[in-house]
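Read through the structure below, which is laid out as structure tokens, and then see the notes.
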Amino acid sequence: EADIYQTPRYLVIGTGKKITLECSQTMGHDKMYWYQQDPGMELHLIHYSYGVNSTEKGDLSSESTVSRIRTEHFPLTLESARPSHTSQYLCASSYGSLGHTGELFFGEGSRLTVL
Amino acid sequence: QQQVKQSPQSLIVQKGGIPIINCAYENTAFDYFPWYQQFPGKGPALLIAIRPDVSEKKEGRFTISFNKSAKQFSLHIMDSQPGDSATYFCAASGETSGSRLTFGEGTQLTVNP
């Protein structure tokens, strides 16, 4: 069973608010990821990190930012939320050396609704 | 740019049927092809994975068939059960993608009792 946790699970906020989605894992994985999942299911990588102080943008452009100050923690922040940010955000982590894909362990997701 | 195309988008079968989900990829440098299963309200979880040195891999009722020359792979679920109803994602990765997975669009499978 994966030990990766996301909070909050559900969040409804007004436009212009700053929000932070938390993600923590207790598996000691170096690699962590944020995916945005459309209502129609498709998963889009928006941020990833291969270790502390390392963050990169993913394949889908996002106005969110991330930080990786500790191995186990990978929070995602939206400075000014808009209705277009309404989505489900999934955090994941994996082991494996650079270039080798290990199994992704996903959290249960944070469903964000911006009014 | 969609590098992994998945079909069908949705699939309904009767209990005991054999649903088949297909994926095609473009990047010949991909060398790892997993399938993930997602239940409502949960994150995806790894179901089964294959590397291109074999043409088939079976784990329980789940089988991946892999055709390297056609750049296609598929998931077969034998003796499907209502509990298999979920969304299934194929994915692919390789060293050129820095080990990041590229996911297919997903298939919503419903197995009727």
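Here are a few things to note about the model shown:
- Spin-label model, B:Glu59 to B:Asp79: label points 7 Å out along the Cα-to-beta-carbon direction sit 1.9 nm apart.
- Sequence-ordered 3J(HN,Hα) estimates for the range B:9-15 from the Karplus curve with 6.51, -1.76 and 1.60 and θ = phi - 60° stand at 6, 9, 8, 10, 9, 8, 3 Hz, glycine and proline given as x.
- Mean projection area, nm², convex hull over Cα of the range B:4-112: 6.3 nm²
- Full-extension gain in nm, B:Asp31 to B:Asn112, via 0.36 nm per residue minus C-alpha separation: 25.7 nm
- Rel. contact order, % - alpha carbon contacts under 8 angstrom, at least six apart, chain B: 37 percent
- Only Lys, Arg, Asp and Glu carry charge here, each on its Cβ (+1 for the first two, -1 for the last two); on that basis the range A:1-69 has a dipole of about 300 debye about its Cα centre.
- Summary value for the range A:16-115: 31 percent relative contact order, contacts being C-alpha pairs under 8 angstrom separated by 6+ residues.
- Value of D in µm² per second that Stokes-Einstein yields for the protein assembly as shown, Kirkwood Rh from Cα pairs, at 10 °C (1.306 mPa s): 88 µm²/s
- Legend: calculated FRET efficiency, B:Glu95 to B:Phe39, from the Cβ-Cβ distance at R0 = 35 Å, rounded to 0.05, equals 0.65.
- The range A:4-114: proportion of alpha-carbon pairs further apart than 20 angstrom, %: 34 percent
- Model label zone, A:Lys18; criterion: amide N under 12 Å from point 7 Å along Cα-to-beta-carbon; scope the range A:46-90: A:77-81
- Here the Karplus relation 6.51 cos²θ - 1.76 cosθ + 1.60, evaluated at θ = phi - 60°, turns the backbone of the range B:18-28 into coupling constants of 10, x, 10, 10, 10, 9, 10, 10, 10, 7, 5 Hz, with x for every Gly and Pro.
- Neighbourhood charge, 12 Å Cβ-Cβ cut-off, centred on A:Lys17 and excluding it, Lys, Arg +1 and Asp, Glu -1: +1
Taken together, the values in this text are just the output of simple stated rules run on the coordinates, not laboratory data. The structure presented is a predicted model; accordingly, all values stated were derived computationally and were not measured. All Cβ positions, glycine included, derive from the backbone under ideal geometry; neighbour counts span all protein chains shown.
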